[in-house]
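**Student:** Below is the structure I would like to discuss, written out as structure tokens.
The values are calculated or read from the model by the stated rules, or taken from the named source; none is laboratory data. The model shown is predicted, which means the values in this text are computed figures rather than measured ones. Positions of Cβ are backbone-derived with ideal geometry, glycine not excepted, and every protein chain shown enters the neighbour counts.
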Amino acid sequence: MSSLAQRDGQAIQLVGFDGDDTLWKSEDYYRAAEADFEAILAGYLDLGDSRMQQHLLAVERRNLKVFGYGAKGMTLSMIETAIELTQARIAAHDIQRIVEIGRATLQHPVDVIAGVREAVGAIAAEYQVVLITKGDLFHQEQKIEQSGLADLFPRVEVVSEKDSRTYARVLGEFGLPAQQFAMIGNSLRSDVEPVLAIGGWGIYTPYAVTWAHEQEHGVAADEPRMREVPDAAGWPAAVQALDALARRQG
């Protein structure tokens, strides 16, 4: 890809956006799926403690390098967890119920978060933008199409992992140094920390619920290259603030 055309007067030339739980709701549906899964296992186990949730999280983490992120990997991990915790006693019809949980999660409606379209549009009017979302390619493409936001993004990147190497690759394709890039997302682990690590900027907007895996990070609360804003309405001003700081430091 050719280098990104530089815009005069801007230290930040490109703003990236996460998809799940930043532009549209996602984790709510995974939490509902876990509750349905727990209801199935209640027929086999005493769920008075958090053993099921802990075991499922451990299996999901173990399987990330094999199945990747998303509902398909979650479903396979649920089946594996059910077999292990019930010592293979789980009935075939209950395994089928778990498959249906996964199917329903893949088919959930795409509910764009309030204020997102206006905020992305305002930023896109001043800066070049890219959507960088993580997960199953087919499912993410469906979400992007159904969100009605595709027209705002000249380029979309669906990646299997969000780490410093991935961001460096994407920025390399734009011909852009990390110091000219800011990323907006709900995950410090995936959207902010790896961008800061390569010299970029981050805007963090927490979502109401967050997967335990994404809660592990090493970002300090007073990180100077990051801004935390409560909702999408604050994104344009946060980008402007980081851009001004980047110009002063430049």
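**Student:** Any idea which of Val219, Val209, Val239 is of a type outside the set (Phe, Trp, Tyr), in contact (Cβ under 8 Å) with a residue 12 or more places away in the chain and more than 30 Å from Met52 (Cα to Cα)? First the steps, then the outcome.
**Tutor:** Details: Val219 fails: more than 30 Å from Met52 (Cα to Cα); Val209 fails: more than 30 Å from Met52 (Cα to Cα).
Val239 is the lone residue from the list that is of a type outside the set (Phe, Trp, Tyr), in contact (Cβ under 8 Å) with a residue 12 or more places away in the chain and more than 30 Å from Met52 (Cα to Cα).
**Student:** List, please: which pairs have Cβ atoms under 7 Å, are six or more places apart or on different chains, and start with a residue in the range 65-88 that is assigned to a loop (DSSP other than H, G, I, E, B) and end with one that is of a type in the set (Ser, Thr, Tyr)?
**Tutor:** Within 7 Å, the pairs are Gly68/Ser160; Thr86/Tyr44.
**Student:** May I pose another question? Would you mind stating whether Leu171 is in contact with a His (Cβ under 7 Å, 6 or more places away or on another chain) and of a type in the set (A, V, I, L, M, F, W, C)?
**Tutor:** Numbers: in contact with a His (Cβ under 7 Å, 6 or more places away or on another chain): no; of a type in the set (A, V, I, L, M, F, W, C): yes.
Here the answer is no, as Leu171 does not meet what is asked.
**Student:** Looking at the range 33-62, I want the residues that are farther than 17 Å from Ile90 by Cβ and have a partner that is modelled with pLDDT under 85 and surrounded by 13 or more Cβ atoms within 10 Å (Cβ to Cβ) with Cβ atoms under 8 Å, at least 6 apart or on another chain. Which pairs are those?
**Tutor:** Between residues of the range 33-62 that are farther than 17 Å from Ile90 by Cβ and residues that are modelled with pLDDT under 85 and surrounded by 13 or more Cβ atoms within 10 Å (Cβ to Cβ), the close pairs are Leu57/His213; Glu60/His213; Arg61/His213.
**Student:** Going by what's in this entry, would Ala125 be described as surrounded by fewer than 17 Cβ atoms within 10 Å (Cβ to Cβ), in the same structural domain as Phe174 (by TED's automatic domain parsing), within 30 Å of Leu152 (Cα to Cα) and aliphatic (A, V, I, L, M)? Step through it out loud before you land on a result.
**Tutor:** Details: surrounded by fewer than 17 Cβ atoms within 10 Å (Cβ to Cβ): yes; in the same structural domain as Phe174 (by TED's automatic domain parsing): yes; within 30 Å of Leu152 (Cα to Cα): yes; aliphatic (A, V, I, L, M): yes.
The answer is yes for Ala125.
**Student:** Answer yes if at least one residue in the range 122-142 is farther than 30 Å from Gln107 by Cβ and charged (D, E, K, R), and no otherwise.
**Tutor:** Of the residues in the range 122-142, the ones farther than 30 Å from Gln107 by Cβ are 122-123, 125-128.
Those left that are additionally charged (D, E, K, R): 126.
Yes, the range 122-142 has at least one match.
**Student:** Quick check, is Glu60 of a type in the set (D, E, K, R) and surrounded by fewer than 21 Cβ atoms within 10 Å (Cβ to Cβ)? Let's see the steps before the verdict.
**Tutor:** Values: of a type in the set (D, E, K, R): yes; surrounded by fewer than 21 Cβ atoms within 10 Å (Cβ to Cβ): no.
When the stated conditions are applied, Glu60 does not pass them.
**Student:** Within the bounds of the range 49-59, is there any residue that is within 18 Å of the chain's Cα centre (by Cα), modelled with pLDDT under 90 and either charged (D, E, K, R) or under 30 Å from Ala119 (Cβ atoms) (or both)?
**Tutor:** Step one: list which residues in the range 49-59 are within 18 Å of the chain's Cα centre (by Cα), which gives 57.
Checking the rest, the ones that are also modelled with pLDDT under 90 come to 57.
Restricting the remaining residues to those that are either charged (D, E, K, R) or under 30 Å from Ala119 (Cβ atoms) (or both) gives none.
No - not one qualifying residue is present in the range 49-59.
Residue-wise test of (1) touching a residue at least 60 places away in the same chain (Cβ under 8 Å); (2) surrounded by fewer than 17 Cβ atoms within 10 Å (Cβ to Cβ); (3) aromatic (Phe, Trp, Tyr); (4) assigned to a strand (DSSP E or B).
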residue: Val129; (1), (2), (3), (4): yes, no, no, yes
residue: Gln140; (1), (2), (3), (4): yes, no, no, no
residue: Glu145; (1), (2), (3), (4): no, yes, no, no
residue: Val158; (1), (2), (3), (4): no, no, no, yes
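**Student:** Residues to consider are Asp111, Asp28; find the one that is touching a helix residue (DSSP H, G or I) at 6+ places or on another chain (Cβ under 9 Å), more than 21 Å from Val159 (Cβ to Cβ) and modelled with pLDDT of 90 or more.
**Tutor:** Numbers: Asp28 fails: touching a helix residue (DSSP H, G or I) at 6+ places or on another chain (Cβ under 9 Å).
When all the criteria are applied, what remains is Asp111.
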